[in-house]
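Structure first, commentary second.
Derivation of every value follows stated rules applied to the coordinates shown; laboratory data play no part. No experiment lies behind these values; they were computed from the predicted model shown.
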Amino acid sequence: MTRLRQAGGVGIVEDDGTVYAARLPDGPIVVLDGIAGLIWSEACGGDRESTADRVAEATDAAPDAIRADVEDFVADLVARGLLE
């Protein structure tokens with residue numbers, strides 16, 4: 001089981017379902033709203049392997065229909081240094 005979390009040196013502000021995240025001090029600021037904000041929250045809220053399942057449950061989507069997109073998005077957040 002792999003757990004993700006906000007990376008060290010990353011600042012976030014959450015406001016009404018939107019997440020603003022940036023590597024400090026130089027950014028850039030990444031705005032995660034709608035499904036992107038939900039994926040961020042779920043990625044930080046449990047094991048990485050079940051993130052797509054939790055997003056699917058929250059959105060009434062079929063897990064297999066969204067799994068690849070959710071996993072790609074999470075991998076991008078990790079590659080940007082926002083999650084670790």
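For n ≥ 4 DSSP H runs only, could you compute -39500 (n - 2.57) per run for the chain, divide by its residues and tell me the 222 nm figure to the nearest 500?
Details: 3 runs with 36 residues, N = 84.
The helix-only estimate for the chain comes to -13500 deg cm²/dmol at 222 nm.
Remind me, relative contact order of the chain in percent, using alpha carbon pairs under 8 angstrom and six or more residues apart?
Numbers: 109 pairs, mean separation 27.1, N = 84.
It rounds to 32 percent for the chain.
Could you give the DSSP H helices of the chain that reach 18 angstrom or more along their long axis (alpha carbon positions) and whose average Kyte-Doolittle hydropathy is no lower than 0.0? Mind showing how you got there, number by number?
On the way: long enough: 63-79 (23 Å, 0.43).
Length and hydropathy pass: 63-79.
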